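The structure appears right after this line, and notes come after that.
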Amino acid sequence: MALALAFHKGEFVPLEEATVGVMTHALHYGTSVFEGIRGNWNPDHNKMYIFRLQEHLERLVRGSRILCMDLPYSVNQMADITVEVVERSGYTEDLYIRPIAYKATEMVANLNLRNLKDDLCILAIPFGRYIDNEGAISCCTSAWRRIDDSMIPPRVKLGGLYLNSILAKTDAMAAGFDEAIMLNLDGHVCEGTGENIFLVIGDTLVTPTLESNVLPGITRDTVIELARNELGIDTVERSVDRSELYLVDEIFLTGTAAHIQS
């Protein structure tokens with residue numbers, strides 16, 4: 001029988017026991033860094049495949065450095081813990097794996113990241129489609145601009161940063177769309193609220209550069225590599241004008257949670 005588990009405060013516990021106090025610094029100030037990792041269940045192999053676990057955890061560590069964290073685990077140790085969480089849970093369906101490192105000190109009115117306790121939680125839960133739509137999704141251009149690197153670093157998944165995406169996604173869904181496409185402060189196309197974006201122009205893929213304030217997505221990197229090595233299709237990384245969204249042959253979004261969504 002499957003059981004929702006978490007690795008929390010150094011122990012494997014039932015998910016409902018993985019809690020934090022209301023004074024926890026990360027709860028008040030968004031001082032956390034996280035990853036979203038897919039566990040894809042293959043019934044033919046009777047096996048769970050975790051998508052690029054190492055790369056996701058390496059990005060988690062990079063984000064932890066920005067938040068002045070000193071995690072008590074190496075990337076390899078966190079990978080072993082993640083695999084054990086998945087194995088112990090016993091799920092035979094697709095999973096969403098969430099490692100989150102956070103400032104665990106129970107203290108408010110403190111805006112200094114240093115000298116706060118750091119902790120790590122890793123959990124795995126059943127997870128189906130990221131966008132509940134069987135066909136092509138509908139998108140709008142968000143009025144909320146993607147946050148700039150000079151404000152909060154967008155190249156890692158910081159907890160507080162995602163309020164930017166949440167506002168855009170909420171507005172889009174309230175207006176009847178499935179997803180929002182965000183522009184950066186210069187007015188160039190950036191990404192979706194939780195996905196990178198690719199444009200199909202003839203026999204070439206185009207995607208915004210990292211300097212456009214996009215997250216360097218793991219799935220983004222995989223698509224570029226597979227397109228080049230398996231299909232012989234080049235990907236051009238450049239600034240993308242908003243008007244191009246209306247002129248290209250096709251647009252698709254990529255993300256570990258979303259997979260590939262057109």
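The values are calculated or read from the model by the stated rules, or taken from the named source; none is laboratory data. As the structure is a computational prediction, the values presented were derived from the model and not from experiment. With ideal geometry, Cβ positions are generated from the backbone for all residues, glycine too; neighbour counts draw on all protein chains shown. Ligands, DNA and RNA are stripped out before the accessible areas are found, and what is left, the full protein with its side chains, is counted by its heavy atoms. Shrake-Rupley method; radii C 1.70, N 1.55, O 1.52, S 1.80 Å.
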Go through segment 237-261 and count every residue that is closer than 16 Å to Thr204 by Cα and of a type in the set (Gly, Ala, Ser). 1
Restricting the search to segment 223-256, which residues are surrounded by fewer than 17 Cβ atoms within 10 Å (Cβ to Cβ) and either touching a His at 6+ places or on another chain (Cβ under 8 Å) or among the small types (Gly, Ala, Ser) (or both)? Ala227, Gly232, Ser239, Asp241, Arg242, Ser243
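Take the residues in segment 67-90 that are within 20 Å of Leu57 (Cβ to Cβ) and in a loop (DSSP other than H, G, I, E, B); name whichever of them is modelled with the lowest pLDDT.
First, pick out the residues of segment 67-90 that are within 20 Å of Leu57 (Cβ to Cβ): 67-89.
Subset that is in a loop (DSSP other than H, G, I, E, B): 67-74.
On the way: Leu67: 98, Cys68: 98, Met69: 98, Asp70: 94, Leu71: 93, Pro72: 90, Tyr73: 97, Ser74: 97.
Out of the qualifying residues, it is Pro72.
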Test set (1) touching a residue at least 40 places away in the same chain (Cβ under 8 Å); (2) open to solvent by 70 Å² or more (accessible area, probe 1.4 Å) - Glu17 fails condition number: (1)
With respect to the numbered conditions (1) over 21 Å from Arg62 (Cβ atoms); (2) surrounded by 18 or more Cβ atoms within 10 Å (Cβ to Cβ), which one is the sole condition not fulfilled by Val200? (2)
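Provide a single number: the residues in segment 25-59 that are over 17 Å from the mean Cα position of the chain (by Cα) and open to solvent by 30 Å² or more (accessible area, probe 1.4 Å). Please lay out each step first, then the result.
Filtering segment 25-59 for residues over 17 Å from the mean Cα position of the chain (by Cα) gives 25-29, 41-49.
Those still in the list that are open to solvent by 30 Å² or more (accessible area, probe 1.4 Å) too: 27-29, 41-49.
Of the residues in that region, 12 qualify.
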Residues of segment 13-36 classified as in a strand (DSSP E or B) and either over 20 Å from His56 (Cβ atoms) or touching a Pro at 6+ places or on another chain (Cβ under 7 Å) (or both), total: 4
Here is a check on your reading of the model: is Ile97 assigned to a loop (DSSP other than H, G, I, E, B), under 22 Å from Thr254 (Cβ atoms) and under 16 Å from the mean Cα position of the chain (by Cα)? no
The listed residue being surrounded by 13 or more Cβ atoms within 10 Å (Cβ to Cβ) and of a type in the set (Val, Ile, Thr), out of Val83, Val22: Val83
With the structure loaded, tell me whether Arg62 is open to solvent by 60 Å² or more (accessible area, probe 1.4 Å), over 25 Å from Leu215 (Cα atoms) and either part of a helix (DSSP H, G or I) or of a type in the set (A, V, I, L, M) (or both) or whether it fails that test. no
Does any residue of segment 106-124 turn out to be in a loop (DSSP other than H, G, I, E, B), surrounded by fewer than 15 Cβ atoms within 10 Å (Cβ to Cβ) and in contact with a Pro (Cβ under 6 Å, 6 or more places away or on another chain)? no
Residues located in segment 137-151, provided they are touching a residue at least 12 places away in the same chain (Cβ under 8 Å) and either of a type in the set (D, E, K, R) or part of a loop (DSSP other than H, G, I, E, B) (or both): Ile137, Ser138, Ser142, Ala143, Trp144, Arg145, Arg146, Ile147, Asp148, Asp149
All conditions in (1) touching a residue at least 24 places away in the same chain (Cβ under 8 Å); (2) in a loop (DSSP other than H, G, I, E, B); (3) closer than 30 Å to Ser89 by Cα are true of Glu134 except (1)
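Going by what's in this entry, would Arg242 be described as of a type in the set (Lys, Arg) and closer than 22 Å to Arg52 by Cα?
no
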